[in-house]
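A.B. asks: Have a look at the structure that comes next, please.
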Amino acid sequence: MQIEVTDANPLEGGCSCGQVRYRITQEPLFTHACHCTDCQRSTGSAFVVHSWVFEDFWDISGDVRATKLVAGRGADLEPFFCTNCGTFIYCRNSKRPKGLVILRTFTLDDTSLLPPQAHIFTKDMKEWLSVSDDAPKFETMYEREEIWPEESLRRLEAYMAN
């Protein structure tokens, strides 16, 4: 699904209680569904949908608190939660470029706007779950250069060059 995200047409979302609200004013770089056991544990569900967003195009208000975790692949994770209701809103990952946040996509007000463009860690996907979309599926992680849209790769490259 192609959406135009701008200052005048932002993506908006927040936590369950409404204390934390955010706006995104540029289309996310990429959205994927992660089926890894870390995501299963942190959500209490079979998978989670993440969207990659530049912090420069991300406005957040309300009180969040971070904790430190280590992911199965050895990355330091810093997940941010609403201090009131505990909703996991976004995280930072030490193995990803600085200046990016990894949004929990289903905290958007309209959760239909950013369907997964890929499924990762399908080796951990529950056998009773079937995925019927046409998005590519990877047993572990994909190579960004092989799966992300060219426009997203260009934006990331330009951002990292600054």
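The values are calculated or read from the model by the stated rules, or taken from the named source; none is laboratory data. Just so you know, these numbers come straight off a predicted model, no measurement behind them. Here the Cβ is made from the backbone with ideal geometry for all residues, glycine too, and neighbour counts use every protein chain on show.
A.B. asks: For region 97-108, what are the residues that are more than 12 Å from the chain's Cα centre (by Cα) and either modelled with pLDDT of 95 or more or surrounded by 11 or more Cβ atoms within 10 Å (Cβ to Cβ) (or both)?
C.D. replies: PRO97, GLY99
A.B. asks: A follow-up question, please. Testing THR111 on (1) at pLDDT 95 or above; (2) surrounded by fewer than 18 Cβ atoms within 10 Å (Cβ to Cβ); (3) within 14 Å of the chain's Cα centre (by Cα); (4) more than 22 Å from LEU69 (Cβ to Cβ), one condition comes back false. Which one is that?
C.D. replies: (1)
A.B. asks: Okay, moving on. Whether any residue in region 3-26 is touching a Lys or Arg at 6+ places or on another chain (Cβ under 7 Å) and either of a type in the set (S, T, N, Q) or closer than 20 Å to GLU150 by Cα (or both) is what I want to check.
C.D. replies: Within region 3-26, none of the residues are touching a Lys or Arg at 6+ places or on another chain (Cβ under 7 Å) and either of a type in the set (S, T, N, Q) or closer than 20 Å to GLU150 by Cα (or both).
A.B. asks: Please go through region 134-162 and pick out each residue that is of a type outside the set (Ser, Thr, Tyr) and in contact with a Pro (Cβ under 8 Å, 6 or more places away or on another chain).
C.D. replies: Answer for region 134-162, where residues must be of a type outside the set (Ser, Thr, Tyr) and in contact with a Pro (Cβ under 8 Å, 6 or more places away or on another chain): ALA135, ILE147, LEU156, MET160.
A.B. asks: Turning to a different aspect of this structure: Within region 54-77, can you find the residues that are modelled with pLDDT of 90 or more and part of a strand (DSSP E or B)?
C.D. replies: PHE54, TRP58, ASP59, ILE60, SER61, VAL64, ARG65, ALA66
A.B. asks: Another question, then. So if I check each of GLU157, GLU150, GLU143, GLU139, which one is touching a Lys or Arg at 6+ places or on another chain (Cβ under 6 Å) and surrounded by fewer than 16 Cβ atoms within 10 Å (Cβ to Cβ)?
C.D. replies: So the residue among GLU157, GLU150, GLU143, GLU139 that is touching a Lys or Arg at 6+ places or on another chain (Cβ under 6 Å) and surrounded by fewer than 16 Cβ atoms within 10 Å (Cβ to Cβ) is GLU139.
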